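Computed from the coordinates by the stated procedures, all read-outs in this text should not be read as laboratory data. What you are looking at is a predicted structure, and each value in this text was computed from that prediction instead of being measured. In this analysis, Cβ positions are derived from the backbone assuming ideal geometry, glycine residues included, and neighbour counts consider all displayed protein chains.
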Amino acid sequence: MIEFGLIGFPLNNTFSKDFFTERFKMLGLSNYTYSNLPLPNVQDFELMLKQSDKFSGFNVTIPYKQSIIPYLNELSDEAKACNAVNCIKASYNQAHQSYYLKGHNTDVYGFEQSFVPLLTNLQKKSNALVLGSGGAAQAVIYTLKKMGISHTIASRAAQESDSLPYSAITEAIIKDHLIIVNCTPLGMFPDITSKADIPYHFISKQHLCYDLVYLPEETAFIKACKNREATTKNGLEMLQLQAQKSLEIWLSK
C-alpha cells in the first residue's frame, strides 16, 4: 500500500480523508490509502516516519504548518516565501532507509483561485485586514502581496510589531480595509459561536469578508458580516482547490 495522511492536532473533521479516498477510487488507485494522523506534538512526526516506509505524501494543518518546516529537506518557492507548508511530497530511499521530504504551500493556489474572482475594482484599490498570523494567514498575505494589496494583521493578543490587537481596530480602520479575511480557527465546529472580536457594525456592503473556516458553512464571522450586507465567502472552495493541487503534486513525476 502507498500511504498518505493529514498531520495536525486535534483533527476534528474528515474532509481530507473523504476527499482523497474518493479521488483515489475515481483514479483507480486501489493501493493508495489516506488516513488522519493526529500528532499531539510535532516531534512525533519523525517517529511516525520510522514506523512505515510507505508514505508518499502528507497534508499539514493547524498547528503545524510552520513548525513542520525543520523536519523537511526542501521547500517549494511558495512555501519558502510563506514560511508555511500544508503539503509534503515524500520519497523513500530504500538504500539509505530514509525519506526525502519536500514542502509545498497549496493554500496559496486555493485562496487565490477562490478569492480573486470576488474582488471589485474598489476593493482592489483598498487594503486588507487579515485576522490571525499563523500558517494559513501567510498564504493569504503572500497572495495579497502578489496582487499589490496592502494588508494589516490583527490578532487577539498581537505581539509582533506589525500587527494590531483586535481592541485597536477602529471605525477608520474598518472603513479603510474593504477586504477582511479570517485566518483563525475561531468559529470552526464545534465552537461555532466564536468569532474575532472586531467592530462588525462598521462593516458595509462595500466590504468583502472571507472566512477560511468552512465548517459550519455559515460561521459566526460570516453571519455578522452578512448582517452588514457585505459580500461573504467561506473556505470550502479554497479547501477543495488546495486539496486538488496537493493531489497533482503527489502524482507528478
- Provide Val85, Val130 in ascending order of the number of other Cβ atoms located within 10 Å of each residue's Cβ, fewest first. Val130, Val85
- Note on the structure: Neighbour-count ranking for Ser114, Ser204 (other C-beta within 10 angstrom, fewest to most) reads Ser204, Ser114
- Taking the Cα atoms only, what angle lies between the long axis of helix 15-26 and the longest principal axis of the chain, rounded to 10 degrees? 50
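Using the structure shown, list the pairs from Lys80/Lys125; Lys146/Lys195; Lys17/Lys245; Lys65/Lys245; Lys54/Lys89; Lys145/Lys233 with a Cα-Cα distance above 23 Å, or answer none. Can you show the working numbers first?
Details: Lys80/Lys125 27 Å; Lys146/Lys195 28 Å; Lys17/Lys245 15 Å; Lys65/Lys245 17 Å; Lys54/Lys89 12 Å; Lys145/Lys233 20 Å.
Long pairs (Cα-Cα over 23 Å): Lys80/Lys125; Lys146/Lys195.
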- Cysteines without a disulfide-compatible partner [the chain; Cβ-Cβ under 4.7 Å]: Cys82, Cys87, Cys183
- Message: Could you identify which residue out of Thr61, Thr170, Thr219 has the top mean-square fluctuation in a GNM of the chain using Cα springs shorter than 10 Å?
- Response: Thr170
- Straight-distance crosslink candidates among aspartates and glutamates, where the alpha carbon sits under 16 Å from Lys25 and sequence neighbours closer than 8 are dropped: Glu3, Glu248
- Query: Taking Cα centroids, how far is the range 187-207 from the range 1-32 in Å?
  - Reply: 31
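Assigning unit charges at the beta carbon (Lys, Arg +1; Asp, Glu -1) and nothing else, what dipole magnitude in debye, to the nearest 20, does the chain show about its Cα centre? Working shown, then result.
Numbers: 23 positive and 23 negative charges, 81 e Å.
With only Lys, Arg, Asp and Glu charged at Cβ, the dipole is about 400 debye.
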- Task: Would you mind telling me the antiparallel percentage of the DSSP bridges in the range 2-105, rounded to 5?
- Result: 40
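Please order Met26, Met238, Met147, Met188 by the number of other Cβ within 10 Å, starting at the fewest.
Working: Met26 8, Met238 26, Met147 12, Met188 20.
Lowest count first: Met26, Met147, Met188, Met238.
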- Quick one, which of (i) -0.27, -1.09; (ii) -0.32, -1.04; (iii) -0.55, -0.98 is the actual log10 I(q)/I(0) by the Debye sum over Cα atoms at q = 0.08, 0.15 Å⁻¹ calculated for this model? (ii)
- Message: Quick one: 3J(HN,Hα) in Hz for the range 61-66, Karplus 6.51/-1.76/1.60 with θ = phi - 60°, rounded, Gly and Pro as x.
- Response: 10, 3, x, 10, 5, 9
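How much mean residue ellipticity at 222 nm does the chain get from its helices, if each DSSP H run of length 4 or more adds -39500 (n - 2.57) and you divide by all residues, to the nearest 500 deg cm²/dmol? Let's see the in-between values first.
Values: 9 runs with 79 residues, N = 253.
So the calculated ellipticity at 222 nm is -8500 deg cm²/dmol.
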- May I ask you to derive the relative contact order of the chain, considering only C-alpha pairs under 8 Å and at least 6 residues apart, and to give it as an integer percent? 15
